[in-house]
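Each reported figure results from applying straightforward, stated rules to the coordinates on display, with no laboratory input. Since this is a predicted model, take the numbers as computed values, not measurements. Every residue, glycine as well, gets a Cβ built from its backbone with ideal geometry; the counts of neighbours run over all protein chains shown.
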Amino acid sequence: MSKNQLKQQLAVATRESIADLVIKNGKILDVFNREIIEEDVAIKDGKFVGIGDYDGKEIIDAKGSFVCPTFIDGHVHIESSMVTPNELGKVLLPHGVSTIIADPHEIANVSGSDGIQYILDASEKSPLNIYIMLPSCVPATEFEHSGATLTAEDLAPFYDHPLVLGLAEVMDFPAVLTGKDQMLDKLLSASKYEKLIDGHAAGLDKYGLNGYMTAGIRTDHEAISVKEAKERLQRGMHLMIREGSVAKDLVNLLPVVTEKNASRCLFVTDDKHLDDLLEEGNIDHNVRLAITNGMDPLLAYCMASFHSAQYFGLQTKGAIAPGYDADFMLVSNIEEVTIKQVFTNGAIVAQDGKLVIETEDSYIVPPVNLTKSVNLPELKAENFQIKLDSAKANIIDIIPNSLVTKHMIEEVDIENGIFIPSVEKDQLKLTVIERHHQTGHIGLGIVKGLKLQAGAIASTVAHDSHNLIVCSTNDQDLLTAVEVIKQMQGGTVVVKDGQVLSKLELSISGLISDKPYEEVNKELKHLNAALAKIGFQETFNPFLTLSFLALPVIPELKLTDLGLFDVKAFKHIDISAI
């Protein structure tokens, strides 16, 4: 800001000159006192400069609507939306979300530093305010193969970028708690640059949390019970309350939020699919759900804006007050979160759920290595045979709408010592194929709970290393699905009897589409319709569930390209349960 600009803003603040824009007849949400103020709001040069009695070149009659700060998503993976940062902005702004804190962990695990740079470049062109936390675990663990390795030295140059706020969710808790040098180097580097460090403390007991806080890690979004949430708050962590497409923890965690600790709590989505964003929203859905389940509306709005801004050091975001950015919305029904208009920097961007601005053509052409990310060897049916020493097997049992799975031991069908999938027993073949470097590594397992009656589904979205993951009822459809993914260079497919029923191409690192969000959503709906043709009738999203079955940092049993992984024991185990 220039000296002259500041002088002009001061003149408006003190009523010596008129504002660019004044909001009248509104009910201002005061996030500092959690009260309602009924006065005018004055805006100059995209900044709030006064609350009181003002005149402006332009007047907005709020007609009794609530004037609220726009929402901030405190932890999100852009890649989970499957669209570019620019397209995501078009989706989120009508829902009142103007700022997100993104972790490009997914694309970094596929494409390394080039993936991070692509997200940074694309974020600068987005109508959203996008800030970045650098991925801390690339690869996520030593028990799988990802597309890249990022050391503290690789990450350090990014800390100078104005959009970078810190180090993202630290998932490799054994590396932290045992003091492994490479992890400590990343933690100390972030501290050296005076950056924030986010956590991922799934399943940690209170002593593990002690270790995380000692290491400078200050948040967690993996609490799934009041007990876990309280332990985090007791140790000084900021509690990120998550409600995404798969992990839905908000209702369970609400009882932990009190008048005394609310300032330490904020809302996040973590991973949310495009169709869910369009149908139910982003942080606005979290707020709506919290209010429905008894939270004071003013507190819910504060947690969705001011609390996030305060933790992340965004000193001009999250409040309707002088000196803050004029990012606000007019809400006609505060409890139902009925958003009439959304403004960023004092200019309207959305009205009645529709974007009203023309976004520039800001498509950033990704580097070639991002569009050539599926590298597979020649594969045959024998590559996918599961040999068992007995009919008893360790099985991954999914829990609908949860990242957590159960470790089951069941009798399975075998023929000549080879596992035979059974739709009757709901025991299907699960395959994870390393797709980055043609290593030939293939992890095989058995999954229960997806309840496919025929065919196969496959995707290159498989957290966190994003190898190719396939769930199949037979090997013919498994091979067909693999070949289609290879031809598309990433994406998702539904196959039955050797025929492709539906597919979604994700040409950027096998995670993100280069198409407009409307086209991507149309293809997602077609994918969901194809599921009925292979007998899927459940109430959860099988693609999202599938994508987390390769995540070896969430209990209890998962599958990586190196085999079946027991998260509690933190080691690979045999499929045979003898």
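Per-structure values
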{"quantity": "Leading residue at positive end of dipole, the chain (Cβ point charges), from Phe71, Asn86, Gly216", "calculated": "Gly216"}
{"quantity": "Spatially proximal aspartates and glutamates relative to Lys387 (Cα-Cα < 13 Å; intrachain offsets below 8 disregarded)", "calculated": "Asp413, Glu415, Asp574"}
{"quantity": "Long-range HN-HN contacts of His441 with modeled amide H, under 5 Å", "calculated": "Glu434"}
{"quantity": "Selection from Asn416, Asn375, Leu134, by position along the positive dipole direction of the chain (Cβ)", "calculated": "Leu134"}
{"quantity": "Simple Cβ-charge dipole of the chain, Lys/Arg +1 and Asp/Glu -1, about Cα centre, in debye nearest 20", "calculated": "680"}
{"quantity": "Gain upon complete extension [Val404, Asp61; 0.36 nm per residue less C-alpha separation]", "calculated": "118.6 nm"}
{"quantity": "Residue exposure sequence - Thr539, Thr258 - by fewest surrounding Cβ within 10 Å", "calculated": "Thr539, Thr258"}
{"quantity": "Convex hull volume of segment 38-122 per residue (C-alpha atoms, cubic angstrom)", "calculated": "129"}
{"quantity": "For segment 69-318: rounded, prolate or oblate by the Cα gyration tensor [a/c cutoff 1.5]", "calculated": "oblate"}
{"quantity": "Long-range HN-HN contacts of Asp220 with modeled amide H, under 5 Å", "calculated": "Gly199, His238, Met240"}
{"quantity": "Net charge dipole size for segment 1-118 [Lys, Arg +1 and Asp, Glu -1 on Cβ; Debye, nearest 20]", "calculated": "340"}
{"quantity": "Segment 372-572 - Rg (one decimal) and Dmax (whole number), Cα, Å", "calculated": "15.6, 50"}
{"quantity": "Given charges at Cβ of Lys, Arg, Asp, Glu: the chain dipole, positive-most of Ser17, Thr151, Leu428", "calculated": "Ser17"}
{"quantity": "Sequence of Leu444, Leu376 once ranked by neighbouring C-beta atoms within 10 Å, starting from the fewest", "calculated": "Leu376, Leu444"}
{"quantity": "Which listed pairs, of Lys3/Lys24; Lys392/Lys568; Lys406/Lys496; Lys24/Lys90; Lys90/Lys496, have C-alpha distances above 25 Å, in listed order", "calculated": "Lys3/Lys24; Lys406/Lys496; Lys24/Lys90; Lys90/Lys496"}
{"quantity": "Cα-only radius of gyration and Dmax that characterise segment 504-574, units Å", "calculated": "15.7, 44"}
{"quantity": "Sequence-distant residues sharing a close amide H with Ile446 (under 5 Å, placed H)", "calculated": "Ile396, Leu430"}
{"quantity": "Per-residue Cβ neighbour rank within 10 angstrom, fewest leading, Tyr301, Tyr363", "calculated": "Tyr363, Tyr301"}
{"quantity": "Cα gyration tensor category, rounded, prolate or oblate, for the chain with a/c compared to 1.5", "calculated": "prolate"}
{"quantity": "Whole-Hz ³J(HN,Hα) from phi, Karplus 6.51 cos²θ - 1.76 cosθ + 1.60, for segment 555-568, glycine and proline x", "calculated": "x, 9, 10, 9, 10, 10, 5, 9, x, 5, 10, 8, 5, 5"}
{"quantity": "Calculated P(r) tail over 19 Å for segment 437-489, as whole % of Cα pairs", "calculated": "26"}
{"quantity": "Phi-based couplings in Hz for segment 394-403 (Karplus 6.51, -1.76, 1.60; Gly and Pro marked x)", "calculated": "6, 10, 7, 10, 6, 10, x, 6, 9, 7"}
{"quantity": "Nearest-20 debye value, segment 372-572 charge dipole, Cβ charges on Lys, Arg, Asp, Glu", "calculated": "260"}
{"quantity": "Cα gyration tensor shape of segment 311-460, rounded if a/c is under 1.5, else prolate or oblate by comparing a/b with b/c", "calculated": "prolate"}
{"quantity": "C-alpha center-to-center spacing [segment 232-295, segment 105-168] in angstrom", "calculated": "25"}
{"quantity": "Integer Hz, Karplus 6.51/-1.76/1.60 couplings in order for segment 338-353, x for Gly and Pro", "calculated": "8, 8, 8, 9, 10, 10, 10, 6, x, 10, 5, 10, 8, 8, 6, x"}
